[in-house]
Amino acid sequence: VKTELPQYLQFKPDFAFDGNKETFFWSSRAPAPGETFSVVLKEPITASAVSVSTGVQQMNGQDKVMHGTLAVSMEEDCSNPIAETKVDNNGDASLTLPGGPRG
């Protein structure tokens, strides 16, 4: 996990992708234009879709990402996305990858 955003208290960026629904990343401030939150996988995986949900129930929707882009790329810096979409009004984004599962 890579980001410019500073963590708030014990809510580390790695918690966003640790497989535990009870943990999450929480930044100490809102993201600025151009800042990113990236998950870079160590090994390629086979996937046909990617989904992201933001915000936690305890905050009543006040901490959702409302303006952002979900992009998928084979490059670590996401310089050449194979698919991308905007975050919706609920702070969520989902992509179906072109051509079916990719690895």
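Bear in mind that the values in this text are calculations on the coordinates, not laboratory data. Because the structure is a prediction, the values reported are computed rather than measured. Virtual Cβ from ideal backbone geometry, glycine too; neighbours counted across all protein chains shown.
Taking amide H positions as placed 1.01 Å from N in the peptide plane, with prolines and chain starts having none, which residues 5 or more places from A83, or on another chain, fall under 5 Å of its amide H?
V72
If I model a spin label at Q7 and T69 as a point 7 Å from the Cα along the Cα→Cβ vector, what separation in nanometres do I get?
2.8 nm
Once you place label points 7 Å from the Cα toward the Cβ at S48 and D18, how far apart are they in nm?
Going by the 7 Å Cα→Cβ label model, 3.2 nm.
DSSP loop trypsin sites (Lys or Arg not before Pro) in the range 33-101 with at most 10 other Cβ atoms within 10 Å of their Cβ, which ones? Provide the component values of the computation, followed by the final result.
Values: sites: K42, K64, K86; in loops: K42, K64.
For trypsin sites (Lys or Arg not before Pro) across the range 33-101 that sit outside H, G, I, E and B with at most 10 neighbouring Cβ atoms in 10 Å, the list reads K42.
What translational D, rounded to a whole number of µm²/s, comes out for the chain from Stokes-Einstein when the hydrodynamic radius is the Kirkwood one over Cα pairs, at 25 °C and 0.890 mPa s?
In µm²/s, the coefficient rounds to 168.
When a footprinting reagent is the concern and you count Cβ atoms within 10 Å, what order do L9, L97 take, fewest first?
L9, L97
So which trypsin sites (Lys or Arg not before Pro) in the range 2-32 are both in a DSSP loop and have at most 10 other Cβ atoms within 10 Å of their Cβ?
Hits after loop and neighbour filter: K21, R29.
What FRET efficiency, computed as 1/(1 + (r/R0)^6) with R0 = 30 Å and r the Cβ-Cβ distance, is obtained for I82 and A30, rounded to the nearest 0.05?
0.60
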